[in-house]
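Below is one structure; the comments refer to it alone.
The values are calculated or read from the model by the stated rules, or taken from the named source; none is laboratory data. These numbers were taken from a predicted model, which means no experiment stands behind them. Positions of Cβ are generated from backbone atoms using ideal geometry, with glycine treated the same way; all protein chains shown enter the neighbour counts. Accessible surface areas use protein heavy atoms only, side chains included; no ligands, DNA or RNA. Shrake-Rupley method; radii C 1.70, N 1.55, O 1.52, S 1.80 Å.
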Amino acid sequence: MFAVRRISKGIKIPLHATYSTNSKLIEVTHDNQTGIATISMANPPVNSLNKDLLSALKTSLMDVQQKQCKGVILTSSLPMVFSAGLDIMEMYNRNEKQLTEFWQTLQDTWLTLYGLEIPVAAAINGASPAGGCLLALSTEYRVIVEGKHTIGLNETQLGIVAPTWFRSLYIETLGYRTAEIALLRGTLFNVKKALEIGLVDEIVPDKTSAISKCQDYIASFKNIPSKGRAKTKLDLRQHNLDWLKENRELDLNTFLTLIQLPKVQAGLKLYIESLKQK
């Protein structure tokens, strides 16, 4: 674990301190000069969001807020992928107990990320479909790196449905009509289109620039009282947070009912086989 240590006069410490969680699926770097933490997902090959990665992400988010960091940047340690989304293997050929534990972990992690009081920005350095898009949407500011990668909620392409709380963020970000068509088609947007429709806020040439832009966003609140900023953020997001808190069981049961349908399981099997061929 890391901490901002009190030091004696004259002792030099590095500007960056790094640690990994016990799972080694998350890397956290703290910039002692800016007070900003960078959380990097590190689950090769594509940062699939399995239960362990989600749990490690939640722990890291809670930790940086507890340590009163000035803000946090969410990114990936992988060169071409932000996150490929929810791990299909967590949903294919699993018993109800395993499915329940996975979905509850996802719910908890999202509530933590979306409800984090400190400023949060995403440096999207690669592909970001489905659950990867959800993570990015849950931050306050999104900077994407140029490239052929795409971003969006493409659940319908896999024969599944984006949950209510996924869709709510999409609609609020893109506007109802754009989100409706995109959700129905399972559209994945290229980088330029994502900027055009407001799914991301900036396009930059490389990850270093993305991190820098995220730092700039967090630094823009330097003269804004943190308590007022945090209260405003939570007030703006409270309706989405409350919906999931009040409907956790309904959301879970909806997921369990859908994911266990024979047709859905068959579709997931075909998708897994297609990935193996690639």
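Out of the residues in segment 27-37 meeting the condition of being among the β-branched types (Val, Ile, Thr) and touching a helix residue (DSSP H, G or I) at 6+ places or on another chain (Cβ under 7 Å), tell me which one is surrounded by the fewest Cβ atoms within 10 Å (Cβ to Cβ). Please lay out each step first, then the result.
Just the residues of segment 27-37 that are among the β-branched types (Val, Ile, Thr), to begin with: 28-29, 34, 36.
Of the ones still in play, those that are also touching a helix residue (DSSP H, G or I) at 6+ places or on another chain (Cβ under 7 Å) are 28, 34, 36.
Numbers: Val28: 23, Thr34: 15, Ile36: 23.
Among them, the one singled out is Thr34.
Give just the number: which of (1) under 16 Å from the mean Cα position of the chain (by Cα); (2) not in a helix (DSSP H, G or I) does Pro79 not satisfy?
Among (1) under 16 Å from the mean Cα position of the chain (by Cα); (2) not in a helix (DSSP H, G or I), Pro79 violates only (1).
Only residues that are at negative phi and crowded, with 18+ Cβ neighbours inside 10 Å: list them for segment 78-87, please.
Applying the first criterion (at negative phi) to segment 78-87 yields 78-84, 86-87.
Of everything in segment 78-87, those that are at negative phi and crowded, with 18+ Cβ neighbours inside 10 Å turn out to be Leu78, Val81, Phe82, Ser83, Ala84, Leu86, Asp87.
Conditions tested, residue by residue: (1) open to solvent by 10 Å² or more (accessible area, probe 1.4 Å); (2) under 20 Å from Lys24 (Cα atoms); (3) part of a loop (DSSP other than H, G, I, E, B).
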| residue | (1), (2), (3) |
| --- | --- |
| Asn43 | yes, yes, yes |
| Asn47 | no, yes, yes |
| Lys58 | yes, yes, no |
| Asp63 | yes, yes, no |
| Gln68 | yes, no, yes |
| Lys97 | yes, no, no |
| Leu106 | no, yes, no |
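Results for (1) among the acidic types (Asp, Glu); (2) within 13 Å of Ile118 (Cα to Cα); (3) touching a residue at least 40 places away in the same chain (Cβ under 8 Å), shown as yes or no for each residue.
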residue	(1), (2), (3)
Ile39	no, no, no
Leu53	no, no, no
Leu61	no, yes, yes
Gln65	no, yes, yes
Met80	no, no, yes
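Among the residues of segment 205-227, count how many are open to solvent by less than 90 Å² (accessible area, probe 1.4 Å), part of a loop (DSSP other than H, G, I, E, B) and out of contact with any Lys or Arg (no Cβ under 7 Å at 6 or more places or on another chain).
Within segment 205-227, residues that are open to solvent by less than 90 Å² (accessible area, probe 1.4 Å), part of a loop (DSSP other than H, G, I, E, B) and out of contact with any Lys or Arg (no Cβ under 7 Å at 6 or more places or on another chain) number 4.
List every residue pair whose Cβ atoms lie under 6 Å apart, where the two residues are 6 or more positions apart in sequence or sit on different chains, the first residue falls within segment 238-251 and is among the small types (Gly, Ala, Ser), and the second residue, located anywhere, is in a helix (DSSP H, G or I) and at pLDDT 95 or above.
Pairs found: none.
Working only within segment 195-236, note down all residues that are over 29 Å from Ile171 (Cβ atoms) and among the charged types (D, E, K, R).
Asp206, Lys207, Lys222, Lys227
How many residues, within segment 171-189, are closer than 29 Å to Val72 by Cα, hydrophobic (A, V, I, L, M, F, W, C) and open to solvent by 50 Å² or more (accessible area, probe 1.4 Å)?
Residues meeting the conditions: 2.
Which of the residues spanning segment 231-269 are of a type outside the set (A, V, I, L, M), closer than 20 Å to Ala162 by Cβ and surrounded by fewer than 14 Cβ atoms within 10 Å (Cβ to Cβ)?
Here is the first cut: in segment 231-269, the residues of a type outside the set (A, V, I, L, M) are 231-233, 235, 237-240, 242-243, 245-249, 251, 253-255, 257, 260, 262-263, 265, 267, 269.
Those still in the list that are closer than 20 Å to Ala162 by Cβ too: 237, 239-240, 242-243, 245-249, 251, 253-255, 257, 260, 263, 265, 267.
Within segment 231-269, His239, Asp242, Lys245, Glu246, Glu249, Asn253, Thr257, Lys263 qualify.
Residues to consider are Glu117, Glu146, Glu196; find the one that is within 19 Å of Lys58 (Cβ to Cβ) and open to solvent by 10 Å² or more (accessible area, probe 1.4 Å). Walk me through it before giving the result.
Working: Glu146 fails: within 19 Å of Lys58 (Cβ to Cβ); Glu196 fails: within 19 Å of Lys58 (Cβ to Cβ).
From the options Glu117, Glu146, Glu196, the qualifying one is Glu117.
Looking at this structure, is Thr18 within 24 Å of Asp206 (Cβ to Cβ), open to solvent by 10 Å² or more (accessible area, probe 1.4 Å), at pLDDT below 50 and outside any loop (DSSP other than H, G, I, E, B)?
Answer is yes for this residue.
On the basis of being hydroxyl-bearing (Ser, Thr, Tyr) and open to solvent by less than 20 Å² (accessible area, probe 1.4 Å), does Ser138 make the cut? Give the steps one after another, and end with the answer.
Numbers: hydroxyl-bearing (Ser, Thr, Tyr): yes; open to solvent by less than 20 Å² (accessible area, probe 1.4 Å): yes.
Yes, satisfied.
Report yes if some residue within segment 180-198 is among the polar types (S, T, N, Q), outside any helix (DSSP H, G or I) and either in contact (Cβ under 8 Å) with a residue 24 or more places away in the chain or touching a Phe, Trp or Tyr at 6+ places or on another chain (Cβ under 7 Å) (or both); otherwise report no. Reasoning before the result, please.
First pass over segment 180-198, keeping only residues among the polar types (S, T, N, Q): 187, 190.
Subset that is outside any helix (DSSP H, G or I): 187, 190.
In the following step, the residues that additionally are either in contact (Cβ under 8 Å) with a residue 24 or more places away in the chain or touching a Phe, Trp or Tyr at 6+ places or on another chain (Cβ under 7 Å) (or both) were identified as 187, 190.
Checked against the condition, which is being among the polar types (S, T, N, Q), outside any helix (DSSP H, G or I) and either in contact (Cβ under 8 Å) with a residue 24 or more places away in the chain or touching a Phe, Trp or Tyr at 6+ places or on another chain (Cβ under 7 Å) (or both), segment 180-198 yields at least one hit.
Quick one: in segment 157-170, which of the residues that are in a helix (DSSP H, G or I) and open to solvent by 60 Å² or more (accessible area, probe 1.4 Å) is farthest from Trp103 (Cα to Cα)?
So the first thing to find is which residues in segment 157-170 are in a helix (DSSP H, G or I), and the list is 157-158, 164-170.
Next cut, open to solvent by 60 Å² or more (accessible area, probe 1.4 Å) only: 157, 167.
Values: Gln157: 20, Arg167: 16 Å.
Ranking the candidates gives Gln157 first.
Checking Leu195 against (1) more than 19 Å from the chain's Cα centre (by Cα); (2) within 19 Å of Lys148 (Cβ to Cβ), which single condition isn't satisfied?
Of the numbered conditions (1) more than 19 Å from the chain's Cα centre (by Cα); (2) within 19 Å of Lys148 (Cβ to Cβ), the odd one out for Leu195 is (1).
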